[in-house]
């Protein structure tokens, strides 16, 4: 069956929006699961292959670098085959990469498999966010948070699977093969649903001129994404190693900080859309930034793995709302070319991942993991200045999204 074959629910039918939302939610869950599968098995893979700390850091940075390239490969694929076909192809590639990482026999093979995984996740990232932006516009209200809730649920599932596999003393290859099997099953069962034609959306994207000013308008959102993914990379990629090396946790316990982080993001993202509709995006971003800064400081000072796990959960609760609100707001800058806007914005995402992953890994390799969590705590406070750019513009867009008046209006978009 063609990846772009429409489902029985045709364009304009109410079920097409519901089906499209369900399919995108599934894809977000797969992305969260696959990323967590890699991050939570870093200690096991490192010990199995006897990798040096610097090589482990280099491998994680390579994943982030290639994900940036994968984002633009995904953009090209979306233009050629559509967002849904791109998502499905990336999911299948990610499943294959997970198996290869688990079965790697040495340094060269694990690096090669990690690069393949990075390309797949980058393509999947731009695919799911492009599709989510289109669906949100079709609904006419804030629903981005619900997609990222699914991402977090996938991450929790993967972290618990990793902990369970370690408890059963299975080899890392078996655990990653189980995770890959889940990804494969979900990819096969994902269907294509055509969005209502009245929304002006489809899987075939025009390429209107974007203008030089778009980069300047993306800077506030890019700053937010950069900081969010510095934090996310520090917690996601290295919390298991932090618990293992600094707080003397077992391999069974080490993934629990990631599980707590993602479980808290489920709660935060499930509430995001309601919070925005009630209080406005600016207030939500302010509150989230303060919570993240305090929780990171607590994680840096944690005397035991138990408190570190609780602090990681608090970080997730605050950080969870920032990325979906950022991506949704940026997509509204150029609704007819959301995939191009999001591909550009993803550059800030991956720079943050690389920075957070590399700095945390280097600090950890020298025994200063606590500092790796203290520094981002101060960095997060920069988001307070960027929050005003999340205010919805006056007029039809504010009415459509049902949001209250925000405390600060955005600068002119011209």
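None of the figures in this text is laboratory data; all of them are computed from the coordinates on show. What you see is a predicted model; the values in this text were computed from it and never measured. So basically every Cβ, Gly included, is an ideal-geometry build from the backbone, and we count neighbours across all protein chains shown.
Averaging the sequence gap over all C-alpha pairs within less than 8 Å and six or more residues apart, then dividing by the number of residues, gives the chain a relative contact order of 24 percent. Report note on the peptides 57-70, 278-291: ranked by the mean count of other C-beta atoms within 10 Å, highest first, their order is 57-70, 278-291. Using every pair of distinct Cα positions in the stretch 209-287, the Kirkwood expression returns a hydrodynamic radius of 15.3 angstrom. Taking the longest Cα principal axis of the chain as reference, the axis of helix 256-279 is set at about 20 degrees. How much FRET efficiency would the formula 1/(1 + (r/R0)^6) give for residue 167 and residue 382, where r is the Cβ-Cβ distance and R0 is 30 Å, rounded to 0.05? Step by step, r from the Cβ atoms, then E = 0.15.
Helix 281-301 and the longest principal axis of the C-alpha atoms of the chain enclose an angle of approximately 0°. Where [x] 21.0; [y] 25.6; [z] 25.0 are the candidate values, the label of the one calculated here for Kirkwood radius over Cα pairs in Å is [x]. The length gained on full extension between residue 189 and residue 274, counted as 0.36 nm times the residue separation minus their Cα-Cα distance, comes to 27.6 nm.
To the nearest ten degrees, helix 213-245 and the longest principal axis of the Cα atoms of the chain are 30 degrees apart.
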